[in-house]
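Okay, so here's the structure we're looking at.
The values are calculated or read from the model by the stated rules, or taken from the named source; none is laboratory data. For clarity, every value in this text was computed on a predicted model and none was experimentally measured. No Cβ is skipped: glycine too gets one built from the backbone with ideal geometry, and neighbour counts run over all protein chains shown. When the accessible area is computed, the model is the full protein with side chains, heavy atoms only, and any ligands, DNA or RNA have been set aside. Shrake-Rupley method; radii C 1.70, N 1.55, O 1.52, S 1.80 Å.
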Amino acid sequence: MNKGQYSEALEALLKVKTGRNDNAEAAAKLAIMKAEALDHSGNTAAAYDSLLSRVVIKPNDELAAAVKLYGGKLGKNAKQIDADKWKLIDASVKPAPDFDLYAYLERKIFPWAISGEKPYFSLFGFLAAGHAALKWFISNR
């Protein structure tokens, strides 16, 4: 890229894939290099979008500064950049699955509970049987 061969650099950079467990700083630097190559190739909007999507996934100060830089080149102010970021966040949000604490407790903590029976009755029965066994053991020494 130092020699001004941005299209060739972009082709090479697009072949490099980053994963979820890659070094965050190295992945951010790679994203910034891709954005720089896109910008010099005349595609500033794609550079902005690629960095913005990266900031949403793994925030980083260098990425945020680059997003502001390319957003400024597109004529966007801080509020517009923040609105774009929240649009991406809202689009990627998934609803949480339904959670029923009683069902969780019944399955995980009280596996001996008979279905339809409340777990604390089974626990009470278990404790009563244990108490009776302990009482028998002490009396038959």
Note on the range 50-68: residues within 15 Å of D82 (Cβ to Cβ) and among the charged types (D, E, K, R) are K68
Condition check for D22: without any contact (Cβ under 8 Å) to a residue 12 or more places away in the chain, within 20 Å of the chain's Cα centre (by Cα) and surrounded by 17 or more Cβ atoms within 10 Å (Cβ to Cβ): no
Return yes when K87 is modelled with pLDDT of 60 or more, part of a helix (DSSP H, G or I), of a type outside the set (G, A, S) and over 22 Å from the mean Cα position of the chain (by Cα) and no when it is not. no
Checked the range 63-72 for anything small (G, A, S), in contact with a helix residue (DSSP H, G or I) (Cβ under 7 Å, 6 or more places away or on another chain) and open to solvent by 20 Å² or more (accessible area, probe 1.4 Å); matches are A64
Would you point out the residue of the range 27-62, among those that are of a type in the set (D, E) and open to solvent by 40 Å² or more (accessible area, probe 1.4 Å), that is nearest to A91 (Cα to Cα)? D49
Matching residues, the range 8-42, being charged (D, E, K, R) and either in contact with a helix residue (DSSP H, G or I) (Cβ under 6 Å, 6 or more places away or on another chain) or assigned to a helix (DSSP H, G or I) (or both): E8, E11, K15, E25, K29, K34, E36, D39
